[in-house]
Amino acid sequence: MMTQHFQMIIRGGTLVTHAGIAVADIAVADGRIAQIGGLDAAEADTVIDATGLHVLPGVIDSQVHFREPGNEHKEDLETGMAAAALGGVTAVFEMPNTSPATVDEHALTDKVDRATGRAATDFAFFVGASPENTTWLPDLERLPGCCGVKLFMGSSTGSLLVHDDETIRTVLQNGQRRVAVHSEDEERLNERKPARQAGDPASHTAWRDVETALKSTRRLLRIARETARKVHVLHITTAEEMDLLKDYKDIATVEVTPQHLTLESPDCYERLGSYAQMNPPIRDAGHRQALWRALDQGVVDVVGSDHAPHTKDEKAKAYPDSPSGMPGVQTLLPLLLDHMNAGRLSLPRLMDLTSAGAARIYGIAGKGRIAVGYDGDFTLVDLKRQQTITGEWLASKCGWSPFEGQTVTGWPVGTIVRGIVVMRDGALTGERPGRPVRFIDTLNG
Ligand code: DOR
């Protein structure tokens, strides 16, 4: 009998699949999973010994901001995806609030061109909804390399904004894909600006208060119901929104971020000052607990990092001149593994939130599970490894993390994109195989 020869074999790892958690070998051919188990006699160009390690479906971070074009001093597509690969992430969805904003075909195609050849991970880009481009959205969301439409209902970093019911309705009436939404109420944000206390980033939570988020999410869900459009509500921060969202699970999926699950006020503002400032804000322990409860109950569909790098100089400005946002693509998985080891979620649930969730929400083709025929995207993790998050390890141009100095249990030790190793034992291999993620509804163009 001829010996079978593959592109890659991963031997002896403990696979985390929808069938459960069990030791098995995996073979990859032409970038896709070719066989699971029964590979004793087979050979491969690349053989990885994963004994003692867990093999997860490649982690998909469905919310990152990489700043290219326009603000490459904070981050660029190459450094952003390098950080992703070091953190065990195999694919990223990048947000449109760059400069220029990604609001037309030219800007979207430009991002795909810029990423190609420089990307350690696979990628897709959101197109931003604006009052000017609503009628183009059905075509724009189907462009190669586009994951869907992003709608900012409240102002954040950049100028993208659609805040009146009429235009929000028009956005939701144009197109088919799930619309990703930043949900904070613009009118209330404007009214409450006086709540900001100069020099006190903790007052960010008084300005962008619970009602600001709740009012917007209530409006969004009402219009989504009216228009029967699927929505994905990003970075939910309040108990009240979770209570509302549970009644809209037919049309609304829900994201939380690792930072909202990990940090809480007032501690974060006392320790980190404006480095803890983001939109929507980190809130108190009661809200943090409510996010975990919603995660336990299945109301939460996905964890995205909202990686939003700003330089230390920018962050050091006195509040409210300090920009909102913190990096996170590299620490998403280490933090979740640490929460898993602390008993806050199971390994299958972690897998669901970091790979299968994004695949289901956005209709990704061929990713999000370990199964024959799917892309050979894997994240190798050492569940017991204790490691401190350090500045030297971070690849983001911004050069800091709110989690620096924190020791976590559980660490990514390998990142594999369609059968190509892009990170092993904390070092990038230099491979940049990243390609546009494919979506089920546009496989025929
Ligand atoms: O804090 C944030 N920063 N929230 C956002 O919605 C945008 C992000 C950024 O791009 O800086």
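Each value in this text was obtained by applying a stated rule to the coordinates, not by laboratory testing. Note that the coordinates shown come from a computational prediction; the quantities given were computed from them, not determined experimentally. Cβ coordinates were reconstructed from backbone atoms using ideal geometry, including for glycine residues, and neighbour counts include every protein chain displayed.
What size of dipole, in debye to the nearest 20, comes out for the chain about its Cα centre when the only charges are +1 on Lys and Arg C-beta atoms and -1 on Asp and Glu C-beta atoms?
The dipole magnitude comes to about 520 debye.
Given H placed 1.01 Å from N in the peptide plane, which residues other than close sequence neighbours of residue 46 have an amide H under 5 Å from its amide H?
Distant-sequence amide H within range of residue 46: 8, 9.
Show the residues, 5+ positions off or on another chain, whose built amide H is closer than 5 Å to the amide H of residue 66.
Those lying under 5 Å, H to H, from residue 66 are 95.
Could you name the lysines whose alpha carbon sits less than 24 Å from that of residue 246, not counting residues in the same chain fewer than 8 places away?
Those lysines meeting the cut-off are 150, 215, 230.
Select from 98, 130, 348 the residue farthest towards the positive end of the dipole of the chain; place +1 on Cβ of Lys and Arg, -1 on Cβ of Asp and Glu, and compute about the Cα centre.
Going by the Cα projections, it comes out as 348.
When 440, 389, 416, 364 are ordered from fewest to most other Cβ atoms inside 10 Å of their Cβ, what list results?
Fewest-to-most Cβ neighbours within 10 Å comes out as 440, 389, 364, 416.
Placing +1 at every Lys and Arg Cβ and -1 at every Asp and Glu Cβ, with all other atoms neutral, what dipole size does the stretch 223-322 have around its Cα centre, in debye to the nearest 20?
160 debye
Karplus couplings for the stretch 411-422 from phi (6.51 cos²θ - 1.76 cosθ + 1.60, θ = phi - 60°), rounded to Hz, Gly and Pro as x?
Rounded to whole hertz, the list is 8, x, 10, x, 10, 10, 10, 6, x, 10, 6, 10.
Of 402, 390, 374, which is farthest along the charge dipole of the stretch 360-418 in the positive direction, counting Lys and Arg as +1 and Asp and Glu as -1 at C-beta?
Checking the options against the dipole of the stretch 360-418, the answer is 374.
With n ≥ 4 as the cut-off for DSSP H runs, can you work out [θ] at 222 nm for the chain, using -39500 (n - 2.57) per run divided by the number of residues, rounded to the nearest 500?
-7000 deg cm²/dmol
Ranking 211, 94 by Cβ neighbours within 10 Å, fewest first, what do you get? Each step should come with its number before you reach the end.
Values: 211 14, 94 28.
Fewest-to-most ranking of 211, 94: 211, 94.
Give the relative contact order (percent, whole number) for the chain; include only Cα pairs under 8 Å separated by 6+ residues.
Relative contact order here is 21 percent.
Using Cα atoms only, what is the angle between the long axis of helix 210-227 and the major principal axis of the chain, expressed in degrees (0 to 90) to the nearest 10?
The helix 210-227 is inclined about 70 degrees to the chain.
Of the candidates 181, 171, 372, which one comes out as most mobile in a Gaussian network treatment of the chain with C-alpha springs shorter than 10 Å?
372
Nearest-5 percent of antiparallel DSSP beta bridges in the chain? Display every interim value, and only then the final one.
Numbers: 32 of 66 bridges.
Bridges in the chain are about 50 percent antiparallel.
Determine which lysines satisfy two conditions relative to residue 312: a Cα distance under 21 Å, and not lying fewer than 8 residues away in the same chain.
Once the sequence-local lysines are set aside, what remains near residue 312 is 74, 397.
Rank 3, 46, 15 by how far each Cα sits towards the positive end of the charge dipole of the stretch 1-54 (+1 on Lys, Arg Cβ; -1 on Asp, Glu Cβ) and give me just the farthest.
Result: 15.
Collect residues whose amide H, placed 1.01 Å from N in the peptide plane, falls under 5 Å from the amide H of residue 148; neighbours closer than 5 in sequence don't count.
127
Give me 30, 352, 375, 139 ranked fewest to most by other Cβ atoms within 10 Å of their Cβ, as a rough exposure proxy.
By the 10 Å Cβ count, ascending: 30, 139, 352, 375.
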